[in-house]
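The structure appears below as structure tokens.
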Amino acid sequence: MTYSPVLAAVTAGLEVLAAAWALWRGGRRATIRTIAAILVFLAGYQVTEIAICSNAGAAGFLPRLAFLVVTWLPPFGVLLIAQLPAVRSRVFTGAAVGMFAAAAAVAVWILVDPGFASVSTCSVVFARFTSTGSRFLIYAIFYWTGLFLMLLLSTWGAARARGPKERRSLFLVFGGSAAFIVPSLVLTQYVGPAKDALPSVMCHLAFLLAVALVGIVYVNNSRESSVASFQSRSRDSVV
């Protein structure tokens, strides 16, 4: 079946708009900048997939670029968790630093290895990638370690959170992550067009993570608005 770029284009547009909105609402905060970075990388994959599937036979460097883009998603996800006030500790920060170091090594590998990945077919709304040797296995270990850390650390942080809004933010990270990880595994096992297209399926369903990240921005801004309103009322009562 012919590949359609509509889903990827719409998803990318919504993710870019969400990133711009997040920065507009509170771009001075580190957590908001991290959320915006995740949203931009998610949109970047969608745009890259459209470019790949517009001429799969002459994709050239683009399949490697797709992997290069998504390489940074788990490190930024772990960093976001480490930046939330409820979980600031050496363990969480160390996990984020470790993921970024591993991502940097993988990025260099992708750049210098012309055979790291190529596109096999594009059909419906998914792209299928191929590789030789143990490349995908090593990459999968790195990537799934990052996703596992996002699930584990967000759960651990939620258990440590003292306030309901901090706990809600961490549950949104967990829920948004699980919402695209689990269905991706199911779809690639049981839905014909999605088989052997796990990277593409995951990045499309990661729109659910993007929705959760927007929720985090909203939760944190509503908290700040409430604090500002309380402080304003307090000053008025003193006057």
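The values are calculated or read from the model by the stated rules, or taken from the named source; none is laboratory data. Predicted model only: the values in this text are computed from it and were never measured. Note that we place each Cβ from the backbone using ideal geometry, even for glycine, and neighbour counts take in every protein chain shown.
Reported count of residues in region 92-145, each being aromatic (F, W, Y) and in contact with a strand residue (DSSP E or B) (Cβ under 7 Å, 6 or more places away or on another chain), is 1.
So for region 210-221 (the condition being more than 25 Å from P74 (Cβ to Cβ) and either surrounded by fewer than 12 Cβ atoms within 10 Å (Cβ to Cβ) or at pLDDT below 90 (or both)), does at least one residue qualify? Yes, region 210-221 contains a residue that is more than 25 Å from P74 (Cβ to Cβ) and either surrounded by fewer than 12 Cβ atoms within 10 Å (Cβ to Cβ) or at pLDDT below 90 (or both).
Look at A158 and say whether it is crowded, with 21+ Cβ neighbours inside 10 Å, among the aliphatic types (A, V, I, L, M) and in contact with a strand residue (DSSP E or B) (Cβ under 9 Å, 6 or more places away or on another chain). Don't jump to the end; show me each part of the working.
Numbers: crowded, with 21+ Cβ neighbours inside 10 Å: yes; among the aliphatic types (A, V, I, L, M): yes; in contact with a strand residue (DSSP E or B) (Cβ under 9 Å, 6 or more places away or on another chain): no.
So A158 fails the test.
Counted as qualifying within region 115-209 are the helices (runs of 4 or more DSSP H) with 3 or more residues that are hydroxyl-bearing (S, T, Y) and farther than 19 Å from E49 by Cβ, namely 135-160, 164-190. Filtered by the rule that a residue be in contact with a helix residue (DSSP H, G or I) (Cβ under 8 Å, 6 or more places away or on another chain) and surrounded by fewer than 21 Cβ atoms within 10 Å (Cβ to Cβ), region 42-61 gives V47, I50, A51. Each residue in region 108-149 was checked for being without any contact (Cβ under 8 Å) to a residue 40 or more places away in the chain, buried (at least 16 other Cβ atoms within 10 Å of the Cβ) and either under 16 Å from L73 (Cβ atoms) or small (G, A, S) (or both), and 1 of them qualify.
Among the listed residues F100, F92, which satisfies the condition of being among the aromatic types (F, W, Y), touching a helix residue (DSSP H, G or I) at 6+ places or on another chain (Cβ under 9 Å), surrounded by fewer than 20 Cβ atoms within 10 Å (Cβ to Cβ) and within 28 Å of N220 (Cβ to Cβ)?
Details: F92 fails: surrounded by fewer than 20 Cβ atoms within 10 Å (Cβ to Cβ).
From the options F100, F92, the qualifying one is F100.
State all residues of region 21-49 that are touching a residue at least 12 places away in the same chain (Cβ under 8 Å), of a type in the set (G, A, S) and more than 26 Å from A127 (Cα to Cα); if no residue qualifies, say none. Can you show your working first?
Residues of region 21-49 that are touching a residue at least 12 places away in the same chain (Cβ under 8 Å), as a first pass: 21-23, 25-26, 29-32, 34-49.
This time we only want the ones that are of a type in the set (G, A, S), so: 22, 26, 30, 36-37, 43-44.
Within region 21-49, A22, G26, A30 meet the criteria.
Criterion first (polar (S, T, N, Q) and at pLDDT 90 or above) does T121 satisfy it? If you could, list the steps in order and put the result at the bottom.
Values: polar (S, T, N, Q): yes; at pLDDT 90 or above: no.
The answer is no for T121.
Within region 7-16, the only residue that satisfies the criterion of being in contact (Cβ under 8 Å) with a residue 60 or more places away in the chain and surrounded by fewer than 18 Cβ atoms within 10 Å (Cβ to Cβ) is L7. When region 166-209 is filtered for residues that are of a type in the set (K, R) and surrounded by 16 or more Cβ atoms within 10 Å (Cβ to Cβ), the ones remaining, listed by number, are R167, R168. Can we say A37 is among the small types (G, A, S), within 14 Å of the chain's Cα centre (by Cα), modelled with pLDDT of 95 or more and surrounded by fewer than 23 Cβ atoms within 10 Å (Cβ to Cβ)? The answer is yes for A37.
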